[in-house]
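Undergrad: Dropping a structure here in structure tokens format, bear with me for questions.
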Amino acid sequence: MKKSFEKYIPFVPLKLEDRRWPDRRVSKAPIWCSVDLRDGNQALVDPMNLQEKLEYFHTLVDIGVKEIEIGFPSASETEYEICRELIDGGHIPDDVTIQVLVQARPHLIQKTFEAIKGAKHVIFHFYNSTSTLQRKVVFHTDVEGVKKIAVDAAGLIYELSRSAIEAGMDLRYEYSPESFMGTEMDAAVDICQAVIEAVHATPEKKIILNLPTTVENCMPNYFADEIEYFIRKLPGRESAIISLHPHNDRGCGVATAELGLLAGAERIEATLFGNGERTGNVDMVTLALNLYTQGVDPELDFSDVNKIRDMYERCTKMKVGERQPYAGELVFTAFSGSHQDAINKGTAYMRESGTEFWEIPYLPIDPADVGRQYEPIIRINSQSGKGGAAYVMQHNFGFDLPKAMHPEFGRIVQAETDAVGREITPQRIYDLFKANYIDAAAPYQLLRHSFAEFTDEDGRSHVTFAGTIRHHDTVFQVQGSGNGPIDSFFNAIHGQKMDQFTFVDYKEHAVSVGSDSMAVAYIQLRDKGGQDHFGVGISHNINLAPLKGILSAINRAVSGT
């Protein structure tokens, strides 16, 4: 490749000194038009059959798409029959407009009018290529030549549409100067203005001017300049809806669409998950949910994106990538330790602050809003950190570990992932927690116990603990008093060989394991060397759980775990 790059002709950007689009913001949804059933379908290895197209069509309707390009009915008998089934079979709701595509050729235009008979709302979409390259190598003509093709087609469509409109059809016109991005802007303006006049468009009866990045061959900011320039120069602007049809050859389809909206476009032609020729069309899901994350209603319903993804994969035989924005299997999953810790803290912040806004780092959208609430946000592998394991314990099993305990438990989980060399499941994380903390029942074990409590005349509580403890083969009795169950128990064991620890902290909460409501207690002790040891106790008895936690911490300390 060292020298081969020199054969490519760089894109020459338009000179637009006073561009205004960078200072604008998108504050409302565009008019959405799905081209899945035409542009997307023709890009499939195996095009969809009738039943698949019908299922896909009804999904688009359910999402809320009001303009749907159903195909190229003059291209084949199959396409013609699908168009007729949608119309004759009563599949099209009254608030949905079907769109049909046709080249600017007379016999195909006539065939298309036959295909749409009886439809209530139709966009008649015609096109011809106008770019410098296409004129030179395909059509061997000049700007006037391609303009004549467009105007002749527009005139014929206008005449043929008279009878359909008189019969009650709501018929609108759409024109695409195909390969608009590679067309001289003054030429594009001239051609489109001539089409506006040929179909007698007015501010009350607007034509859709669809400006495609048929092959994406420049940066999105250059395209935005083109759109702004085109709109400024178009004499019939008030009689036109400016539409975009971005492809993704440079991987910038979403950016091209968003910057085009800033430049004044009002409508977007897109496909679910970006299916289309070569690298695809712009992704409707990503565009819509990008708006959603900015507090703008996209006016489309992606609240069950998994269901939509399943339909798409079934009907198209294509796969949605694991990292596809918003819909990919792993897009709401964090493996990185720092990411997990931040998500965990963000979740706690939202819970504790009661904020009405979504404020969780690394998650630009609430997974629940797109039907992903039951999927694991945090998954654990060798790259994960202390916060991730704690998050899994809380969100999967209801154990809210004290923050001081996170590093110790994180190291236990890290050792396991290093040992197995792969991701470990939430159940395995729970098993590690149980084995290391809850099941730490030796060498000290509480066999029996009792509490006696009274309140003195000053209202102070006095608790006496009496119990039987086993240490290996030795069984001994302990007794102690304090201001509560934990204090009395700790004082009771202080005179034994367990007196090398001081009490640091304690946390307790209810947790549900299966159908049983349990109390779990987290204990933090410190030995004479200044090292902290954690223990966990769980019991139906809220007084017993912390005692088990203390013994858990001592057992782990003396056994070196």
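Undergrad: Going through 157, 208 one at a time, which residue ends up being closer than 23 Å to residue 233 by Cα and surrounded by 21 or more Cβ atoms within 10 Å (Cβ to Cβ)?
TA: Of 157, 208, the one residue that is closer than 23 Å to residue 233 by Cα and surrounded by 21 or more Cβ atoms within 10 Å (Cβ to Cβ) is 208.
Undergrad: Limited to the stretch 127-143, what total is found for residues that are surrounded by fewer than 17 Cβ atoms within 10 Å (Cβ to Cβ) and either touching a Pro at 6+ places or on another chain (Cβ under 6 Å) or under 15 Å from residue 103 (Cβ atoms) (or both)?
TA: Pass one, the stretch 127-143, residues surrounded by fewer than 17 Cβ atoms within 10 Å (Cβ to Cβ): 132-133, 136-142.
Right, trim to either touching a Pro at 6+ places or on another chain (Cβ under 6 Å) or under 15 Å from residue 103 (Cβ atoms) (or both) and you get 138-139.
Here the count works out to 2.
Undergrad: Picking from 147, 111, which residue would you name as being in contact (Cβ under 8 Å) with a residue 24 or more places away in the chain, over 20 Å from residue 71 (Cβ atoms), surrounded by 13 or more Cβ atoms within 10 Å (Cβ to Cβ) and of a type in the set (D, E, K, R)? Please lay out each step first, then the result.
TA: Details: 111 fails: over 20 Å from residue 71 (Cβ atoms).
None of the others qualify; the one that does is 147.
Undergrad: So, of the residues in the stretch 66-83 that are over 12 Å from residue 112 (Cβ atoms) and surrounded by fewer than 22 Cβ atoms within 10 Å (Cβ to Cβ), which turns out to be modelled with the highest pLDDT?
TA: The residue in question is 66.
Undergrad: For the stretch 477-561, give me every one of the strands (runs of 3 or more DSSP E) that falls completely inside it and has 3 or more residues that are more than 42 Å from the chain's Cα centre (by Cα).
TA: Once the strands (runs of 3 or more DSSP E) in the stretch 477-561 are filtered for at least 3 residues that are more than 42 Å from the chain's Cα centre (by Cα), what remains is 501-513, 516-527.
Undergrad: Can you name every residue in the stretch 154-179 that is of a type outside the set (Lys, Arg) and either touching an Asp or Glu at 6+ places or on another chain (Cβ under 8 Å) or in contact (Cβ under 8 Å) with a residue 60 or more places away in the chain (or both)?
TA: The answer is 170, 174, 176.
Yes/no per residue for (1) more than 30 Å from residue 52 (Cα to Cα); (2) in contact with a strand residue (DSSP E or B) (Cβ under 9 Å, 6 or more places away or on another chain); (3) surrounded by 13 or more Cβ atoms within 10 Å (Cβ to Cβ):
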residue: 304; (1), (2), (3): no, no, yes
residue: 307; (1), (2), (3): no, no, yes
residue: 323; (1), (2), (3): no, no, no
residue: 329; (1), (2), (3): no, no, yes
residue: 336; (1), (2), (3): yes, no, yes
residue: 349; (1), (2), (3): yes, no, yes
residue: 360; (1), (2), (3): yes, no, yes
residue: 371; (1), (2), (3): no, no, yes
residue: 381; (1), (2), (3): yes, yes, yes
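Undergrad: Could you list, in sequence order, all residues of the stretch 235-270 that are of a type in the set (Gly, Ala, Ser), part of a loop (DSSP other than H, G, I, E, B) and over 16 Å from residue 288 (Cα atoms)?
TA: Residues of the stretch 235-270 of a type in the set (Gly, Ala, Ser): 236, 239-240, 243, 251, 253, 255, 257, 260, 263-265, 270.
Filter once more, keeping what is part of a loop (DSSP other than H, G, I, E, B): 236, 251, 263-265.
236, 251, 263, 264 - these are the residues of the stretch 235-270 that are of a type in the set (Gly, Ala, Ser), part of a loop (DSSP other than H, G, I, E, B) and over 16 Å from residue 288 (Cα atoms).
Undergrad: Another question, if that's okay. Residue 314 versus (1) assigned to a loop (DSSP other than H, G, I, E, B); (2) under 30 Å from residue 267 (Cβ atoms): which is the lone unmet condition?
TA: Unmet condition: (1).
Undergrad: Please work out if residue 276 is surrounded by fewer than 24 Cβ atoms within 10 Å (Cβ to Cβ) and part of a loop (DSSP other than H, G, I, E, B).
TA: Values: surrounded by fewer than 24 Cβ atoms within 10 Å (Cβ to Cβ): no; part of a loop (DSSP other than H, G, I, E, B): yes.
In short, no.
Undergrad: When you go through (1) surrounded by fewer than 17 Cβ atoms within 10 Å (Cβ to Cβ); (2) farther than 14 Å from residue 311 by Cβ; (3) under 21 Å from the mean Cα position of the chain (by Cα) one by one for residue 62, which number turns out not to apply?
TA: (2)
Undergrad: Is it the case that some residue within the stretch 260-271 is touching a Gly at 6+ places or on another chain (Cβ under 6 Å) and crowded, with 21+ Cβ neighbours inside 10 Å?
TA: First, the residues of the stretch 260-271 that are touching a Gly at 6+ places or on another chain (Cβ under 6 Å): 271.
Within this subset, residues satisfying the condition of being crowded, with 21+ Cβ neighbours inside 10 Å are 271.
Within the stretch 260-271, one or more residues are touching a Gly at 6+ places or on another chain (Cβ under 6 Å) and crowded, with 21+ Cβ neighbours inside 10 Å.
Undergrad: Quick test of your reading of the structure: residue 226 fulfils all but one of (1) within 30 Å of residue 370 (Cβ to Cβ); (2) part of a helix (DSSP H, G or I); (3) not aliphatic (A, V, I, L, M). Name the failing condition by number.
TA: Of the numbered conditions (1) within 30 Å of residue 370 (Cβ to Cβ); (2) part of a helix (DSSP H, G or I); (3) not aliphatic (A, V, I, L, M), the odd one out for residue 226 is (1).
Undergrad: Working only within the stretch 510-561, note down all residues that are β-branched (Val, Ile, Thr) and crowded, with 23+ Cβ neighbours inside 10 Å.
TA: Within the stretch 510-561, 520, 523, 536, 550, 554 qualify.
Undergrad: Moving on to the next point. Could you tell me whether residue 36 is over 26 Å from residue 211 (Cα atoms) and within 22 Å of the chain's Cα centre (by Cα)? It would help to see each step written out before you state the result.
TA: Numbers: over 26 Å from residue 211 (Cα atoms): no; within 22 Å of the chain's Cα centre (by Cα): yes.
Here the answer is no, as residue 36 does not meet what is asked.
The values are calculated or read from the model by the stated rules, or taken from the named source; none is laboratory data. None of the values given here were measured: they were computed from a predicted structure. Virtual Cβ from ideal backbone geometry, glycine too; neighbours counted across all protein chains shown.
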